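Q: Attaching a single structure in structure tokens format; questions to follow.
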Amino acid sequence: MRDVMIVLRRVFMYYPLNYSVVVLLRIGGYAGLGILSGLLIQRFFNQVSGHTLTLNSLYGVTALLIVVPLVQAVSYSIDLSLSYGWTEIIRAYYRRNIFREILRKPGASPLSVDHGKLMNVIRTDTLNPESVMWSIPYFLAYAIFSCCGLIILSSIDWRVTVVLFTPLLLAVIITNWFNKRITVFYREQQKTSDRVTGLLSDIFNYSQAIKVNHAEESFLKRLQRFNEARAAANRRNDVFRTTLDSIYDNIVSLGTAFLLLLISQKIRDGQFTIGNLTLYVYFLGYVSNLIRLLGTTWAGFRNTAVSLARIQEVIGDNHVNKLTDSDTLYLKEDLPQEEAGARRERLERIEVSGLAFVYPGSNQGIRDITFTVPRGSFTVISGKVGSGKTTLLRVILGLLPRTSGDIYWNGRRVSDDSECFVPPNAAYTPQIPHLFNDTIQSNIKLGQQASDQELAHAVHLSVLDDDIASLEFGLDTVIGMKGVKLSGGQQQRVAASRMFVRNAELLVLDDISSALDRTTETRMWERLHQERQRSEAACLVVTQKRIAMQYADQIIVMDNGQIKMKGTYKELMNGENSEEFSCLLS
Ligand SMILES: Nc1ncnc2c1ncn2[C@@H]1O[C@H](COP(=O)(O)OP(=O)(O)OP(=O)(O)O)[C@@H](O)[C@H]1O
């Protein structure tokens with residue numbers, strides 16, 4: 001609960017003035033004007049039943065009974081217009097901060113939760129703080145109203161008041177006891193929802209695999225099972241909430257009946273006026289609302305605590321302050337241009353020394369990697385499947401956190417790889433292209449400004465020009481989810497264009513020619529070679545292709561996470577492990 005309080009306090013600090021005005025409006029509107037209305041109604045009925053009602057006082061009371069609700073209506077409208085602003089903002093900050101924390105994680109670290117949970121966390125768990133912040137001012141207003149009511153009613157008849165409030169107190173205790181179950185139901189609801197969303201996301205992502213393996217039936221059955229579990233959890237929650245609601249509703253009816261029983265004799269004896277009876281019934285309605293609000297506010301606190309734990313699991317960090325950061329949201333302003341990393345001094349050489357990384361919970365990774373990449377050089381990393389080539393690239397790029405070793409840029413130690421090895425210093429094409437459902441052009445630029453000429457140059461280097469020319473809409477062709485409307489080779493080359501357009505000093509390519517025909521592949525390596533001579537960009541390339549190796553200034557052969565051989569193509573072909581080396585080539 002401490003974390004919940006920290007979140008709510010920081011959320012309050014987004015708009016302290018705005019929120020305070022809402023609190024005051026609700027206290028004024030519900031408590032202040034509510035009590036005034038009650039007293040007016042009491043006075044009116046006392047006058048009617050006591051036959052002391054004069055025309056003047058009738059006009060006066062009636063006018064007030066019209067004016068008070070009108071003032072209340074104005075206060076509610078102001079309240080709503082102020083509240084909708086901050087509830088949206090709370091949600092937006094919360095969601096933006098979760099995204100930011102996820103994106104801050106080292107790029108290649110997998111998320112600790114599946115997509116279903118992630119989606120639910122962002123969609124529904126982010127709603128809890130705003131709902132608590134929404135109900136707190138109501139709760140305060142009703143609490144103040146009820147306390148005042150207690151005092152006013154006690155001054156009329158304290159015995160009747162005590163008897164009237166006792167069942168309400170009992171209701172509070174019962175509600176509190178029931179509310180503990182709310183957490184259990186909420187958790188269950190979220191868990192079953194995560195599973196359904198996760199499975200749906202898998203089905204849509206891998207529909208082709210499901211179809212070709214004729215696995216539709218088994219996936220549908222699984223979906224049905226998950227849906228039934230979710231429906232059962234929702235049902236349990238709904239029944240529980242409806243039961244609680246009916247308890248609150250019946251409290252008013254039971255209370256009124258109780259009251260009538262208690263005071264009927266007193267009214268007959270003239271000890272209790274009709275106006276007082278009306279006042280009691282009027283207050284009873286408000287007090288039952290207080291209990292309802294106590295229930296929802298308390299449930300909101302508990303659900304926020306559950307949600308916080310889920311969010312912290314997603315972002316892998318339990319520092320709540322990060323979730324409530326309130327720097328600019330850009331709701332109305334233009335988004336700032338994507339910031340490139342700070343450009344370092346012109347690259348002369350990169351030195352990798354004693355680099356190591358082990359995947360958590362395994363003994364797989366890389367160890368003791370040392371080599372140098374000079375300006376304008378071409379370094380090939382080769383080796384058997386699973387020997388650690390991709391891991392090495394990712395550790396250098398800061399996508400995986402190195403466990404030991406150093407990287408130097410022109411002799412100066414790099415302390416934050418993920419900040420250093422980004423455009424314009426370095427650009428990377430991963431083994432599996434990550435494309436978005438957008439045009440080819442947008443996929444290449446990915447938020448970066450690029451002239452037509454720069455775009456055409458990047459397309460040329462990745463040997464994509466003929467493909468673009470053959471498409472009806474050229475660079476404006478929309479390529480579908482994950483680029484499904486392109487062939488595997490085209491997808492790889494769109495990803496390569498994205499790297500080339502960044503005009504970086506270090507180009508890092510992970511096995512990108514695997515889906516290319518020989519002619520396209522030969523052209524691509526030739527163009528990359530020419531480009532490197534022109535721009536003096538250094539290239540770090542994972543490949544097994546002979547043609548690429550022939551261009552290489554050095555070839556590093558990995559085995560079981562370590563460097564096994566190093567040299568030029570000629571040296572390795574003529575070295576003592578030449579047979580093993582030639583077996584790697586394709
Ligand atoms: N997230 C991970 N957690 C644990 N082990 C991993 C993880 N990713 C890769 N590995 C293991 O680390 C080793 C090196 O993997 P890596 O992907 O670097 O190999 P690679 O040489 O690039 O293989 P390939 O040629 O198939 O691309 C492998 O044994 C692999 O199973």
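The values are calculated or read from the model by the stated rules, or taken from the named source; none is laboratory data. This structure is a prediction, so every number in the text was calculated from the model and none was measured. Glycine gets a Cβ as well: all are built from the backbone with ideal geometry, and neighbour counts include every protein chain shown. For the accessible areas, the whole protein counts, side chains as well, though only heavy atoms, and no ligand, DNA or RNA atoms are used. Shrake-Rupley method; radii C 1.70, N 1.55, O 1.52, S 1.80 Å.
Q: Condition test on residue 504, is it within 32 Å of the chain's Cα centre (by Cα) and within 16 Å of the ligand (Cβ to nearest atom)?
A: no
Q: Which of the numbered conditions does residue 166 fail, given that it passes all the others? Conditions: (1) in contact (Cβ under 8 Å) with a residue 12 or more places away in the chain; (2) under 16 Å from residue 256 (Cβ atoms); (3) of a type in the set (Ser, Thr, Tyr).
A: With (1) in contact (Cβ under 8 Å) with a residue 12 or more places away in the chain; (2) under 16 Å from residue 256 (Cβ atoms); (3) of a type in the set (Ser, Thr, Tyr) applied to residue 166, the lone miss is (1).
Q: While we're on this one: Pull up segment 363-379, narrow it to residues that are outside any strand (DSSP E or B) and within 15 Å of the ligand (Cβ to nearest atom), then point me to the one that is surrounded by the most Cβ atoms within 10 Å (Cβ to Cβ).
A: 364
Q: Let me ask another. Any chance you could count how many residues in segment 134-163 are small (Gly, Ala, Ser), surrounded by fewer than 18 Cβ atoms within 10 Å (Cβ to Cβ) and either closer than 26 Å to residue 23 by Cα or in contact (Cβ under 8 Å) with a residue 12 or more places away in the chain (or both)?
A: Matching residues across segment 134-163 total 1.
Q: Same structure, new question: Here is a list of conditions, (1) over 27 Å from residue 503 (Cβ atoms); (2) more than 13 Å from the ligand (Cβ to nearest atom), and residue 351 meets all of them except one; can you say which number that is?
A: Result: residue 351 passes all but (1).
Q: Looking at segment 303-331 only, could you name the residues that are of a type outside the set (Gly, Ala, Ser), open to solvent by less than 50 Å² (accessible area, probe 1.4 Å) and assigned to a helix (DSSP H, G or I)?
A: Residues satisfying the conditions are 303, 304, 306, 308, 310, 311, 312, 314, 315, 320, 323, 324.
Q: Could you list, in sequence order, all residues of segment 457-480 that are out of contact with any helix residue (DSSP H, G or I) (no Cβ under 8 Å at 6 or more places or on another chain) and not in a loop (DSSP other than H, G, I, E, B)?
A: 466, 469, 470, 478
Q: Restricting to segment 56-88, name every residue that is touching a residue at least 40 places away in the same chain (Cβ under 8 Å) and among the hydroxyl-bearing types (Ser, Thr, Tyr).
A: 75, 76, 83, 87
Q: Looking at 89, 78, 98, can you tell me which residue is away from the ligand (no atom under 16 Å from the Cβ), surrounded by fewer than 18 Cβ atoms within 10 Å (Cβ to Cβ) and in a helix (DSSP H, G or I)?
A: One residue alone meets the criteria, 78.
Q: A further question follows. For segment 380-398: of the residues being among the β-branched types (Val, Ile, Thr) and within 7 Å of the ligand (Cβ to nearest atom), which is most open to solvent (accessible area, probe 1.4 Å)?
A: Taking the candidates together, the pick is 385.
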